[in-house]
Amino acid sequence: MNPLPPPGAPGYTQALLANDPLWLTIVKVVVVFALLLLMTLFMIWLERRVVGRMQQRPGPNWNGPFGLLQSLADGLKLAFKEDIRPVLADKAVFFIAPVISTIPAFVAFAVIPLGPEVSIFGHHTALQVADLPVGVLVAMACSSVGVYGIVLSGWASGSPYPLLGSLRSAAQVISYELALGLSIIGVVLYAGSLSTADIVSAQQTGWYIWLLPVSFVVFAISMVGETNRAPFDLPEAESELVGGFHTEYSSLKFALFFLAEYVNMVTLSAVATTLFLGGWRAPWPLSLWAGANEGWFPVIWFITKMFVFLFVYIWLRGTLPRQRYDQFMRLGWKILIPISLVWIVAVSALRVLRTEYGTVSAPVVLLIGAVVLVVAVVVAVLLPDRRPADEAPEEPTVVSDYPVPPLDLAVPPSPPRRRRSVTPAAKETAAVGSGADKEDA
């Protein structure tokens, strides 16, 4: 048994988990795996029901009470479907790509604290599989590794459309991964640790969503783009790329991609809850009760907060249209990343001022900085792009020998139609013709 530091001290959870026997660690892994599978089945059902409600239709309501077994029925259907592999596909990579997408999504949940110290079969442990000194980086790294499975699946399919979808998805995930990583720097600066358990412990006096609102907004937007969900589901734009990077997949391999998407949603929702909503700590006014943050009650608070993010995922899909690719990339590179960089500088300067002088009110300064930042971004977005007056318009470039019309081509108006005058002879001919038609009838 390793000596434990005082409860609540940095590294206490790590030392507590280091004393777990092997059987308890295996039980935790199995429980987390089963929880993610059940959450995936429930999320599929919930999404179809909520979107159906938004569109004034019932949604799944046949298999099981309220249609709860519909997701399980769809999973069994996929398992018994024929597994088709294209002739030009790379057999080994085609098989391993969905596995690479799925496994990191499960691994990332291992560093999420679901609750405080509890007693399981007489052994005191924390409701967490592992607590690492760089736990936040582990979660971010696992979410980033999933893009390799997407790229490899598009390349191994032997078809241009899945390849285009995988490349688009890679650019999307990498772009928003940068904003996602930058948004957590403010949390790390205030918590003073990269351990997820220490970050939850640091929010005992207040959640970081109120202290770091800009970081929370950037993280919330980036997590939607990171998981390829609407309105950022560009890799699966059917009108442009047929079905995205998994067009050629069927049966269980397609089910693995589907599973990876929903597990990533659950994992990033859990990370957002841990970083900004106090983790497993009870919300106010339940936090006034001394026993709200003890025992197994914190698991309820954690899952409830997590479902708030998951409902927002569904809400966005049912209400917002899909963005254009240029709009999506512009949002990530020209808005979210610059905002994150400016916010990091502001938070770092505030930390230095408080360390040196100790008289600066953090909430007031951060609120003023957030308002100034939002106003600057709104002005920058609404300001139209104007061409300088002395700049001449560019001449159109002829890319081939085929004649290219000028850009300022104006179609001339159609000439007025002249009405032909009817002569008396034409009138007699028309009258004779109509009489002959009547006789034939």
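Within segment 244-276, what residues put their amide N at less than 17 Å from the label point 7 Å along the Cα-to-Cβ vector of Leu167? Taking a point 7 Å out along Cα→Cβ of Leu167, the residues of segment 244-276 whose backbone N falls under 17 Å are 244-247. Computed from the Cβ-Cβ distance with R0 of 25 Å, the FRET efficiency linking Arg57 to Val312 stands at 0.70. Using the Karplus relation 6.51 cos²θ - 1.76 cosθ + 1.60 with θ = phi - 60°, the per-residue 3J(HN,Hα) values for segment 284-300 come to 6, x, 5, 5, 5, 7, 5, x, 5, 9, 10, x, 9, 4, x, 4, 5 Hz, with x marking Gly and Pro.
Phi angles of segment 255-270 translate, via the Karplus equation with coefficients 6.51, -1.76, 1.60 and θ = phi - 60°, into HN-Hα couplings of 5, 5, 4, 5, 5, 4, 4, 6, 5, 4, 4, 5, 5, 5, 5, 5 Hz per residue; Gly and Pro are given as x. For the listed peptides 303-313, 46-56, a ranking on the average number of other beta carbons within 10 Å per residue, highest first, reads 303-313, 46-56. The Cα center of segment 155-188 and the Cα center of segment 78-131 differ in position by 20 Å. Segment 147-280 gives an Rg/Rh value of 1.07, both radii derived from C-alpha positions and Rh following Kirkwood. The slack in the chain from Ala9 to Ala79, taken as 0.36 nm per residue of separation less the alpha-carbon distance, amounts to 20.4 nm.
Taking a sphere under 12 Å around the Cβ of Thr273 and counting the other residues whose Cβ falls inside, with K and R at +1 and D and E at -1, yields a net charge of +2. Pairs over the 22 Å Cα-Cα cut-off, from the set Lys81/Lys253; Lys28/Lys253; Lys253/Lys305: Lys28/Lys253; Lys253/Lys305.
In this label model, Leu22 and Glu117 are separated by 2.6 nm, measuring between points 7 Å along each Cα→Cβ vector.
Let me spell out the model: positive unit charges on the Cβ of Lys and Arg, negative unit charges on the Cβ of Asp and Glu, origin at the Cα centre of segment 36-175. What dipole size does that give, in debye rounded to 20? All intermediate terms of the calculation are to be shown ahead of the outcome.
Working: 9 positive and 7 negative charges, 109 e Å.
Computed about the Cα centre, the dipole is about 520 debye.
Bear in mind these aren't lab numbers, they're just calculated from the coordinates by the rules spelled out. None of these values were measured; they are calculated from a predicted model. Ideal geometry is used to build each Cβ from the backbone, glycine not excepted, and the neighbour counts take in all protein chains shown.
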